[in-house]
Amino acid sequence: MADTGAKVSARIIDGKAVGAALRKGLKARVAALAEAGAAPGLAVILVGDDAASGVYVRNKIHACESVGIRSVTHRLPASTTTAELVALIQRLNADRGVHGVLVQLPLPKHIDMRLVLEAIDADKDVDGFHLYNVGGLVLGDTAYPPCTPFGVVKLLEHEGIKIEGQNVVVVGASNIVGKPMALMLMARDATVAICHAKTRDLAQFTILADILVVAAGRPNLILPQMVKTGAVVIDVGINRLPDGRLVGDVDFEGVSQKASYITPVPGGVGPMTVTMLLENTVTSAERALRNDNKAPKLAT
Ligand code: GUN
């Protein structure tokens, strides 16, 4: 890349390093579970042959191995029916060695995604997509915050960035990132605005943000003139350009000269998403162990 001579003033948030630090703590929790005779297990279901989903699932499996979580991947053909998928989920729900059940999205169009997500036992819903856990999120109290926004909150906390009372603008209103992100920041007393594809004059919102979270899936959507000097900019976008480069939704070169903090793509939010999946799986195993300990012992 040509050297533009541009001065980078933002602190670059290293999601890989923060994720690695958090994984150390998770390893210790897995070791404590092992002492108690419990081993966390994650079941990952991949339907069809979407290339990007295949990569994400492989990353999740490797990450599990890195902290000692046992994982089992179920690869199903694109022709799988909703009923077949639900039947597999029900088997995994009943399996005491499985603490997390994750269905990789998107699913093939003929599958009823809501039926599938609602079939997952809410206690094993480590993605946090089941209605029960979404409800918990709305009330500010869920066992399993969705992994990507959870990772963003952990990054902000790790960097010591204040959330309370800050103006936050979230660009993107998806069920997986934008909506839960807004709820989690509201629960931490931020003032939150959500923008989306139909927002008129996006810049008039983004310019007000102390913390700008962008999850729109459009390269170069956020330009320097749309960002307040000193803002914290979190780029959740992952876009593959025609030349093969992986970029976020933010003009990194330009915006990093205006922001106080910025996340790179890759190496920002991505590694945190996977780490929070591990966190939720370990939490689920800990909850299962506590419930086992509370359950009345059967007379023999
Ligand atoms: N597809 C894109 N992001 C996610 C995620 O966080 N969880 C699942 N299950 N699928 C996804």
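The values are calculated or read from the model by the stated rules, or taken from the named source; none is laboratory data. This structure is a prediction, so every number in the text was calculated from the model and none was measured. A quick note on method: Cβ atoms are made from the backbone with ideal geometry, for glycine too, and the neighbour counts reach across all protein chains shown.
I need the full set of residues from the stretch 144-176 which are out of contact with any strand residue (DSSP E or B) (no Cβ under 8 Å at 6 or more places or on another chain) and farther than 19 Å from Lys16 by Cβ, in order please.
Tyr144, Pro145, Pro146, Lys162, Glu164, Ser174, Asn175, Ile176
Within the stretch 69-87, count every residue that is more than 24 Å from the chain's Cα centre (by Cα) and within 27 Å of Ala143 (Cα to Cα).
So the count comes out to 2.
Run down Ala2, Ala6, Ala43 and say which single residue is at pLDDT 95 or above and of a type in the set (A, V, I, L, M, F, W, C).
Result of the check over Ala2, Ala6, Ala43: Ala43.
Against the condition more than 16 Å from the ligand (Cβ to nearest atom), hydrophobic (A, V, I, L, M, F, W, C), free of Cβ contacts under 8 Å to residues at least 40 places away in the same chain and touching a helix residue (DSSP H, G or I) at 6+ places or on another chain (Cβ under 7 Å), how does Leu289 come out, does it pass? So that I can check it myself, show each step before the final result.
Values: more than 16 Å from the ligand (Cβ to nearest atom): yes; hydrophobic (A, V, I, L, M, F, W, C): yes; free of Cβ contacts under 8 Å to residues at least 40 places away in the same chain: no; touching a helix residue (DSSP H, G or I) at 6+ places or on another chain (Cβ under 7 Å): yes.
No: the conditions fail for Leu289.
Somewhere in the stretch 13-28, is a residue touching a strand residue (DSSP E or B) at 6+ places or on another chain (Cβ under 8 Å) and either surrounded by 18 or more Cβ atoms within 10 Å (Cβ to Cβ) or closer than 23 Å to Gly267 by Cα (or both)?
Yes, there is a match, as at least one residue in the stretch 13-28 is touching a strand residue (DSSP E or B) at 6+ places or on another chain (Cβ under 8 Å) and either surrounded by 18 or more Cβ atoms within 10 Å (Cβ to Cβ) or closer than 23 Å to Gly267 by Cα (or both).
If Gly165 satisfies every condition in (1) buried (at least 17 other Cβ atoms within 10 Å of the Cβ); (2) touching a residue at least 24 places away in the same chain (Cβ under 8 Å) but one, which is the exception?
(1)
Mind checking which residues of the stretch 128-159 are in contact with a helix residue (DSSP H, G or I) (Cβ under 6 Å, 6 or more places away or on another chain), among the small types (Gly, Ala, Ser) and within 15 Å of the ligand (Cβ to nearest atom)?
Of everything in the stretch 128-159, just one residue is in contact with a helix residue (DSSP H, G or I) (Cβ under 6 Å, 6 or more places away or on another chain), among the small types (Gly, Ala, Ser) and within 15 Å of the ligand (Cβ to nearest atom), namely Gly151.
Leu92 - would you say it is farther than 30 Å from Thr199 by Cα, within 16 Å of the ligand (Cβ to nearest atom) and assigned to a helix (DSSP H, G or I)? Even if it seems obvious, please write down each step before you answer.
On the way: farther than 30 Å from Thr199 by Cα: yes; within 16 Å of the ligand (Cβ to nearest atom): yes; assigned to a helix (DSSP H, G or I): yes.
Spelling it out, Leu92 is indeed farther than 30 Å from Thr199 by Cα, within 16 Å of the ligand (Cβ to nearest atom) and assigned to a helix (DSSP H, G or I).
So, in the stretch 96-110, exactly how many residues are buried (at least 20 other Cβ atoms within 10 Å of the Cβ), more than 15 Å from Val72 (Cβ to Cβ) and more than 11 Å from the ligand (Cβ to nearest atom)?
Residues meeting the conditions: 0.
Please pick out the residue among Thr229, Thr273 that is among the polar types (S, T, N, Q) and free of Cβ contacts under 8 Å to residues at least 60 places away in the same chain.
Matching residue, one of Thr229, Thr273: Thr229.
Quick check on the stretch 254-268. Is at least one of its residues within 25 Å of Ala143 (Cβ to Cβ) and touching a helix residue (DSSP H, G or I) at 6+ places or on another chain (Cβ under 8 Å)?
no
Just for the stretch 198-214: of the residues that are in contact with a strand residue (DSSP E or B) (Cβ under 9 Å, 6 or more places away or on another chain) and among the polar types (S, T, N, Q), which one is farthest from Gln166 (Cα to Cα)?
Checking each candidate, the answer is Thr199.
Take the residues in the stretch 227-271 that are charged (D, E, K, R) and assigned to a strand (DSSP E or B); name whichever of them is nearest to Ala203 (Cα to Cα).
Only one residue fits best here, namely Asp235.
Residue-wise test of (1) in a helix (DSSP H, G or I); (2) modelled with pLDDT under 95; (3) out of contact with any Ser or Thr (no Cβ under 6 Å at 6 or more places or on another chain).
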{"position": "Tyr132", "(1), (2), (3)": "yes, no, yes"}
{"position": "Leu137", "(1), (2), (3)": "yes, no, yes"}
{"position": "Asp141", "(1), (2), (3)": "no, yes, yes"}
{"position": "Val153", "(1), (2), (3)": "yes, no, yes"}
{"position": "Ala173", "(1), (2), (3)": "no, no, yes"}
{"position": "Pro180", "(1), (2), (3)": "yes, no, yes"}
{"position": "Met186", "(1), (2), (3)": "yes, no, yes"}
{"position": "Thr199", "(1), (2), (3)": "no, no, yes"}
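Tell me, please, whether a residue that is surrounded by fewer than 24 Cβ atoms within 10 Å (Cβ to Cβ) and in contact with a Pro (Cβ under 8 Å, 6 or more places away or on another chain) can be found in the stretch 168-181.
So far as the stretch 168-181 goes, yes, one or more of its residues are surrounded by fewer than 24 Cβ atoms within 10 Å (Cβ to Cβ) and in contact with a Pro (Cβ under 8 Å, 6 or more places away or on another chain).
Is it the case, given these coordinates, that Val98 is under 19 Å from the mean Cα position of the chain (by Cα) and touching a residue at least 12 places away in the same chain (Cβ under 8 Å)?
Taking the combined requirement at face value, the residue does not satisfy it.
Using the structure shown, decide if Val101 is touching a Leu at 6+ places or on another chain (Cβ under 7 Å), assigned to a helix (DSSP H, G or I) and at pLDDT 95 or above. So that I can check it myself, show each step before the final result.
Values: touching a Leu at 6+ places or on another chain (Cβ under 7 Å): yes; assigned to a helix (DSSP H, G or I): no; at pLDDT 95 or above: yes.
It is false that Val101 is touching a Leu at 6+ places or on another chain (Cβ under 7 Å), assigned to a helix (DSSP H, G or I) and at pLDDT 95 or above.
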